[in-house]
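Just so it is clear, none of the values below were taken in a lab; they were calculated from the coordinates. Everything numeric here is computed off the predicted structure, so don't read it as measured data. Methodologically, a virtual Cβ is constructed for each residue, glycine included, from the backbone with ideal geometry; neighbour enumeration extends over all protein chains shown.
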Amino acid sequence: MALFRLPSSGPAALAPRGHGLLLRAPQMSDFLAWSQLRESSRGYLTPWEPIWPSDDLTRSGFRRRLRRYAEDIAADRSYPFIVFRESDGAMIGGVTLANVRRGIVQAGTIGYWVGQPYAHRGYMTAALRVLLPSLFGELNLHRIEAACIPTNSPSIRVLEKCGFAREGLARRYLCINGVWQDHLLFGLLHEDFRG
């Protein structure tokens, strides 16, 4: 029965650290750094993300985002994290475990973004390596899934370096930058995880 149990520790306590990084849930005090990093990285991120809401980078938009995050965490649906470099507190990017399914599935889908100044420096690979033990441990998941556009070579490398296996292609899977795009599907099982 333990396989199907909800996590015993409170989700808000999840703040994994390692490899010089700290991951924790977003807070209102993160708004300024978050909005500046997202705005300065807009051109870099746009090809890989859904269209941003018109008020995405506003304080009220961020407050709404935090309310939705709190509801999702309380309902065990989603767990957002902001990634910080411990040496200087710089915000690097974000990782979200979404679409958490319990019962006989025990799975979730991971998505991530990195600010342009920190791209191609190994930060997101390190962040996933820090987070995965908590997802398989404290959150008791059996499977983590991910999807990325086939031309997003850096994202593919992150997933492969973290042990994800390529499992297939989903045609017109997600609407990214206003266009339905094919995505490569990846999965990582608890028993395959090389923590």
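Distant-in-sequence amide contacts of Asn177, defined by a placed amide H-H separation under 5 Å and a gap of 5 or more residues or a different chain, comprise Glu49, Ile51.
Rounded to the nearest whole Hz, the Karplus-based 3J(HN,Hα) values (6.51 cos²θ - 1.76 cosθ + 1.60, θ = phi - 60°) of the stretch 164-178 follow the sequence 5, 9, 6, 10, x, 10, 9, 6, 6, 6, 9, 8, 10, 6, x, with x at glycine and proline. Sparse packing (at most 13 other Cβ atoms within 10 Å of the Cβ) combined with a DSSP loop state is found for the following trypsin sites (Lys or Arg not before Pro) in the stretch 87-125: Arg121.
Of the listed values [x] -0.52; [y] -0.68; [z] -0.58, identify the label whose number matches log10 I(q)/I(0) by the Debye sum over Cα atoms at q = 0.12 Å⁻¹ calculated from this model. Of the listed options [x] -0.52; [y] -0.68; [z] -0.58, [z] comes from this structure.
To make sure I understand, if each residue's beta carbon is the centre and we count other beta carbons within 10 Å, what order do Cys175, Cys148 fall in, fewest to most?
Numbers: Cys175 11, Cys148 24.
Ordered by Cβ neighbours within 10 Å, fewest first: Cys175, Cys148.
Shown for Val105, Val130: other C-beta atoms within 10 Å of each C-beta, ranked fewest to most, produce the order Val105, Val130.
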